[in-house]
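The values are calculated or read from the model by the stated rules, or taken from the named source; none is laboratory data. Because the structure is a prediction, the values reported are computed rather than measured. Reconstructed Cβ throughout: ideal geometry from the backbone, glycine too, with neighbour counts over all protein chains shown.
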Amino acid sequence: MNNKKLTLLGIIAAVMLAAAIFQTRLINRPPDASGEVSHLIQGLETDSIGSIEVKGKSEEVILSRSGNRFVVASKDNYPANADMISDLITVCLDIRSAELITDDPANHADLGVTEETADLVVRFFDKGSKLITGLVVSEADPKKRTRYARLITNEDVHLILYMPQRDASPIYYIDQELFVVNRDEIESVTVELPSESYTLKKIDGNVILEDVPDGKKLRDEKIHDQVFNALAGMRFDDVMKQGNADIDLKFDKTFVCKLSDSTFYTLQVAVKDEKTFIKCTAEFADKRDITKTQGLVESQEVLNEKEAKLLARDSTENFAEDHAGWVYRIPQNKAQYLTKIVVDLVTNIEEQQPEE
């Protein structure tokens, strides 16, 4: 090997060594002189937040303050889940720097902390829509469970300790639970369709169909039980203001569920393109005043009954107020039981063949 080749190999080796040293310094840069792990966001007054913008890979959501709560702007300002808002703020405030990696914007794309390459971008604005602070967070390293992050207003990129995955979908920040109904408290369900209507009742723990057609019996598959308990655990996967809903929606079906405490939940149902939409309300049928007779000592049982009635009535009134004017899209696994016809619930009674 001649001197020219040796010189060339030496140059290549020197370049490779320099690159390795730079990479090592980039990844293993020592922490701040104080040696402390510091929070990226400091001094944020949560009461000053007017809105929060969350942007992911394919979705984004704007959470705007309305009075003492937040609403989801892209869902017609539907109320946001307070717990999810609190969780998002807490997660952002808890992000801490383990190491300062680089302050060179040229490295941002490779580290996944540009607007285009980030896994999550969160911005906090004040009530005058002025940016307070924000974060750009990379995707998580699947092996090390670490990420890179930087402040929106700063070029410094930090290696951060593990951050839980957060979503940028608007529906993620909404409480999708629609009904909190105990199956044991359901007394009856009435389904009213354009072609027919029927009522299911619970007697001695069993669900029965009123006025079973002659020669028919309830199916062994107990589809009627699914209809009877349709409201238990019902959630929605989309929501819109009634005035902004599809004008072609025809709410020509009704589902009424009566509870043992005299609460009535009424759902108006529309089906279009194999999707089910509902409008819902509630009424507390027991209109009797809850009073206490002067000088009469009431038993604890009576007092408990009155308290339960007051709570149920308040809950019903709050439900009606909260859901007035909204249209909900219901997942098909529940929606299918809101519009079952009688023939879906019954089958023929097999005639017993005479013995030969």
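Miscellaneous remarks
- Residues of segment 246-279 satisfying the condition of being in contact with a Pro (Cβ under 8 Å, 6 or more places away or on another chain) and part of a strand (DSSP E or B): 253
- Restricting attention to segment 50-79, the residues that are among the basic types (Lys, Arg) and surrounded by 14 or more Cβ atoms within 10 Å (Cβ to Cβ) add up to 3.
- Residues that are closer than 21 Å to residue 324 by Cα and under 14 Å from the mean Cα position of the chain (by Cα), drawn from segment 71-86: 71, 72, 75, 78, 79, 80, 81, 82
- Here the condition is being surrounded by 16 or more Cβ atoms within 10 Å (Cβ to Cβ) and in a strand (DSSP E or B); of 312, 282, it holds for 282 alone.
- Here 203, 208 are screened, and the one residue that is β-branched (Val, Ile, Thr), assigned by TED's automatic domain parsing to the domain that holds residue 322 and at pLDDT below 95 is 203.
- Counting the residues of segment 149-175 that are aliphatic (A, V, I, L, M) and outside any loop (DSSP other than H, G, I, E, B) gives 6.
- Sole residue being under 28 Å from residue 323 (Cβ atoms), over 26 Å from the mean Cα position of the chain (by Cα) and surrounded by 11 or more Cβ atoms within 10 Å (Cβ to Cβ), chosen from 193, 178, 209: 193
- Test: residue in segment 139-148 that is more than 26 Å from residue 65 (Cα to Cα) and in a strand (DSSP E or B): yes
- Looking only at segment 96-148, and only at residues there that are over 29 Å from residue 45 (Cβ atoms) and basic (Lys, Arg), the one that is surrounded by the fewest Cβ atoms within 10 Å (Cβ to Cβ): 143
- For segment 42-80, the set of residues classified as part of a loop (DSSP other than H, G, I, E, B) and not charged (D, E, K, R) consists of 42, 43, 44, 56, 58, 67, 68, 77, 80, listed by residue number.
- Some residue of segment 27-39 being of a type in the set (Val, Ile, Thr), modelled with pLDDT under 95 and part of a loop (DSSP other than H, G, I, E, B): yes
- Count of segment 40-49 residues, restricted to those that are at pLDDT 95 or above and surrounded by fewer than 10 Cβ atoms within 10 Å (Cβ to Cβ), is 0.
- The number of residues in segment 228-237 being modelled with pLDDT under 95 and either among the polar types (S, T, N, Q) or not in a loop (DSSP other than H, G, I, E, B) (or both) comes to 0.
- Residue 245 vs. criteria of a type outside the set (Asp, Glu) and buried (at least 19 other Cβ atoms within 10 Å of the Cβ): yes
- Every residue from segment 199-224 that is within 15 Å of residue 347 (Cβ to Cβ) and not aliphatic (A, V, I, L, M): 213, 214, 215, 216, 217, 219, 220, 221, 222, 224
- Residue identified as within 15 Å of residue 54 (Cβ to Cβ) and at pLDDT 95 or above among 132, 101: 132
- Check on residue 225, assigned to a loop (DSSP other than H, G, I, E, B) and either surrounded by 12 or more Cβ atoms within 10 Å (Cβ to Cβ) or at pLDDT below 95 (or both): no
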